1. Taking the range 36-78 only, how many residues are of a type in the set (D, E, K, R) and under 23 Å from Tyr4 (Cβ atoms)?
2. Can we say Ala36 is over 25 Å from Gln77 (Cβ atoms), small (Gly, Ala, Ser) and within 20 Å of the chain's Cα centre (by Cα)?
3. Output the helices (runs of 4 or more DSSP H) that fall wholly within the chain and possess 3 or more residues being of a type in the set (Gly, Ala, Ser), or say none.
4. Provide a single number: the residues in the range 56-85 that are among the polar types (S, T, N, Q) and in contact with a Phe, Trp or Tyr (Cβ under 9 Å, 6 or more places away or on another chain).
5. Could you please let me know if Arg33 is over 18 Å from Ile6 (Cα atoms) and either in contact (Cβ under 8 Å) with a residue 12 or more places away in the chain or open to solvent by 50 Å² or more (accessible area, probe 1.4 Å) (or both)?
6. Looking only at the range 1-21, filter to residues that are within 14 Å of Lys72 (Cβ to Cβ) and in contact with a helix residue (DSSP H, G or I) (Cβ under 6 Å, 6 or more places away or on another chain); which one of those is modelled with the lowest pLDDT?
7. Return a yes/no flag: does the range 18-27 have any residue that is surrounded by fewer than 10 Cβ atoms within 10 Å (Cβ to Cβ) and touching a residue at least 40 places away in the same chain (Cβ under 8 Å).
Amino acid sequence: MHVYDIAQAIYKAILTDAQGVYNLGSHNLISNRDLAQKCIDITQSSSQIIYADKEDPMDTYIWNVSLEKTRKDIGYQPQYDIEDAIREIYEYEKNNSENQ
């Protein structure tokens, strides 16, 4: 989830009279493995994904939260996708390491 989407949701919540507990999330439901692969692909890295010798108990857990109440009550709609976030972080880190 992109920090700008979190900020958008908080801003919209402040501007409404809505009260309650709200889920924040995005449409980026991907596994850690797929996230790692996206990072490699987007940054054109030569890194390899290497697995530990033990199973991850969270491998089958899916954080699929409903945004319907949040959308209805405060008008929250995620705007950024995971690829945008990866590119931004990569460019930021690349520029900072070049400037040091």
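1. From the range 36-78, those of a type in the set (D, E, K, R) are 38, 41, 53-56, 59, 68-69, 71-73; that's our starting set.
Next, from what is left, pick out any that are under 23 Å from Tyr4 (Cβ atoms): 38, 41, 68-69, 71-73.
Here the count works out to 7.
2. Details: over 25 Å from Gln77 (Cβ atoms): yes; small (Gly, Ala, Ser): yes; within 20 Å of the chain's Cα centre (by Cα): yes.
The answer is yes for Ala36.
3. Details: elements: 3-14, 32-43, 68-74, 82-98.
Output list reads 3-14.
4. Initial filter on the range 56-85 (among the polar types (S, T, N, Q)): 60, 64, 66, 70, 77, 79.
Filter once more, so that each one left must be in contact with a Phe, Trp or Tyr (Cβ under 9 Å, 6 or more places away or on another chain): 70, 79.
Residues meeting the conditions: 2.
5. Values: over 18 Å from Ile6 (Cα atoms): yes; either in contact (Cβ under 8 Å) with a residue 12 or more places away in the chain or open to solvent by 50 Å² or more (accessible area, probe 1.4 Å) (or both): yes.
Answer is yes for this residue.
6. Ala18
7. Applying the first criterion (surrounded by fewer than 10 Cβ atoms within 10 Å (Cβ to Cβ)) to the range 18-27 yields 19-21.
With the extra rule that they be touching a residue at least 40 places away in the same chain (Cβ under 8 Å), the set shrinks to 20.
Yes - at least one qualifying residue is present in the range 18-27.
The values are calculated or read from the model by the stated rules, or taken from the named source; none is laboratory data. Note that this is a predicted model, so its numbers are computed, not measured. In this analysis, Cβ positions are derived from the backbone assuming ideal geometry, glycine residues included, and neighbour counts consider all displayed protein chains. When the accessible area is computed, the model is the full protein with side chains, heavy atoms only, and any ligands, DNA or RNA have been set aside. Shrake-Rupley method; radii C 1.70, N 1.55, O 1.52, S 1.80 Å.
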